[in-house]
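Everything on this sheet refers to the single structure shown next.
Each reported figure results from applying straightforward, stated rules to the coordinates on display, with no laboratory input. All of these numbers come straight from a predicted model, not from anything done at the bench. Cβ placement follows ideal geometry from the backbone for every residue including glycine, while neighbour counts extend to all protein chains displayed.
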Amino acid sequence: MITGHFSDDNPEMVQFVDANGTRLGITPANEPYASIVEEMTSEDARMIYRDLVLVRRIDAEGHALQRQGELGLWPSLLGQEAAQVGAGRALRDQDYAFPGYREHGVAWCRGVPPENLLGMFRGVNNGGWDSNANNFHLYTIVIGNQMLHAAGYAMGVKADGAVGTGDPERDTAVMAFTGDGGTAQGDYNEALVFASVTSAPLVFFIQNNQWAISEPNDKQFTIPPYQRSRGFGIPGVLVDGNDPLATYAVCRKALDDARSGQGPTLIEAYTYRMGAHTTSDDPTKYRSSAEVEIWRDKDPIKRMRGFMEEHGHGDDEFFAAVDTEADEVAARIRHACQTMPDPELPTMFDDIYVDDHPVVAAEKAEFVAYHESFVGEGGH
């Protein structure tokens, strides 16, 4: 049966640190991943902590810019930083990620400039970045659709012979991201079928943030995602999505398995959306403040800092430097957002097809002629 909202005591959940960052002992659930965590260095811990702080600040800036009229919309990731950074840092350069529209943390880890994210939500570019430059697909607004895109890409990777060769620079995995609401979509379930029967090198990463817009989990499924996957012949893992070490370790192993030819894995990251679904949503209409406060105590940044302080991975100077860098990043992207030029109108017809298309060309010519007809009349 469904585990419920506050299932921190689920014995199947992979965890390595508690809410205060105290290192937990070995359990049957975390034992398969313990060696990955033990191999992590102070440098690894500092990188993850920096990612968490900067990603949260970028998200906060995006929210503020929308409220100030600079962006049309902003979907916040507040509370989900550990899930996204853990997954993003587990990917290798040659791996390919397929996000939904809230994966700002994964975008950061893949090297996508946050200014490009803001440009998309400001409406001044056609997506915001070159997907192939960072192996990070454009955001997908249609819920769950990216799962099929990822399945097809992963099948292609296998057909190209880029799986199970033993070459760490060639073997490739694919990772697809969606939320708990996305698991109720047909595209998601179809993708599981394709990935399973073809043994595609695909990791499904489900961020179970408890709410699909205004609908709770029990309106999306009666069996949690990590258990449902087994019906498709895909192993499922439940991980504490607010535990950066656990999410990184679980994703590392799943991606390694995919690259080596062992097929797909589904990871359910149990986390919480602290803010609204998007800036057009009011979560106070459907969930209680008491629920939010319970999850506030499980804050990913607090947990990571507690772990680092306990093990000597960072001092006050380091933490202060990260905060200073966060301020600098915020100022940089705010200035970039406010000074982004509007695009030339005909560019909306560019990059629709690989080759020139006569219908698109005719529509572009008609559009240009229409706007040119206002020249001299005070129009634009």
Requested in this report: Would you mind computing, in nm to one decimal, how far apart the modelled labels at Ile352 and Asp160 are, each placed 7 Å from Cα along Cα→Cβ?
Outcome: 2.8
**Report entry** the chain: calculated mean residue ellipticity at 222 nm from DSSP helix runs of at least 4, using -39500 (n - 2.57)
**Finding:** -13500 deg cm²/dmol
Query raised in the report: So between Thr22 and Met47, what do we pick up on full extension, going 0.36 nm a residue minus the alpha carbon distance?
Result: 7.1 nm
Query raised in the report: Could you give the length gained on full extension between Gln262 and Ala133, defined as 0.36 nm per residue of separation minus the Cα-Cα distance, in nm?
Result: 43.7 nm
**Report entry** Residue among Gly144, Gly312, Gly275 with the largest mean-square fluctuation in a Gaussian network model of the chain, springs linking Cα atoms under 10 Å
**Finding:** Gly312
Requested in this report: Sort Ser196, Ser42, Ser131, Ser288 so that the residue with the fewest other Cβ atoms within 10 Å of its own Cβ comes first and the one with the most comes last.
Outcome: Ser288, Ser42, Ser131, Ser196
Query raised in the report: Picking from Ala321, Ala19, Ala200, which is most flexible by a Gaussian network model of the chain using Cα springs under 10 Å?
Result: Ala321
Report summary line: With the charge dipole of the chain built from beta-carbon charges (+1 for Lys and Arg, -1 for Asp and Glu) about the Cα centre, the Cα from Ile333, Met274, Leu118 projecting farthest to the positive end belongs to Met274
Query raised in the report: Could you give the nm distance between label points at Glu293 and Ala336, where each point is 7 Å from its Cα heading toward the beta carbon?
Result: 3.9
**Report entry** Label-reachable residues, the range 109-149, where backbone N falls under 16 Å from a point 7 Å from Val193's Cα toward its Cβ
**Finding:** 145, 147-149
Report task. Using a Gaussian network model of the chain whose springs link C-alpha atoms within less than 10 Å, name the residue from Val174, Val55, Val193 with the highest mean-square fluctuation. Result -> Val193
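Let me know the charge dipole size of the chain about its Cα centre in debye, to the nearest 20, where only the beta-carbon of Lys, Arg (+1) and Asp, Glu (-1) is charged.
740
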Requested in this report: Mind listing the long-range amide H neighbours of Phe136? Cut-off is under 5 Å, sequence gap 5 or more, other chains count too, H placed in the peptide plane at 1.01 Å from N.
Outcome: Ala97
Report summary line: In degrees rounded to 10, the 0-90 angle between helix 81-90 Cα long axis and the longest Cα principal axis of the chain is 90
Query - Within the chain, percent of DSSP bridges classed antiparallel, to nearest 5 - result: 10
Requested in this report: Would you mind ranking Thr278, Thr140 so that the residue whose beta carbon has the fewest other beta carbons within 10 Å leads the list?
Outcome: Thr278, Thr140
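Round to the nearest 0.05 the FRET efficiency obtained for Val124 and Val375 when R0 = 25 Å and r is the Cβ-Cβ distance.
0.65
In debye to the nearest 20, how big a dipole does the range 124-181 give about its Cα centre with +1 on each Lys and Arg Cβ and -1 on each Asp and Glu Cβ?
Roughly 140 debye, rounded to the nearest 20.
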Query - Least to most buried among Met175, Met155 (fewest other Cβ within 10 Å first) - result: Met155, Met175
Query raised in the report: By how many degrees, 0 to 90 and rounded to 10, does the Cα axis of helix 316-338 deviate from the longest principal axis of the chain?
Result: 20
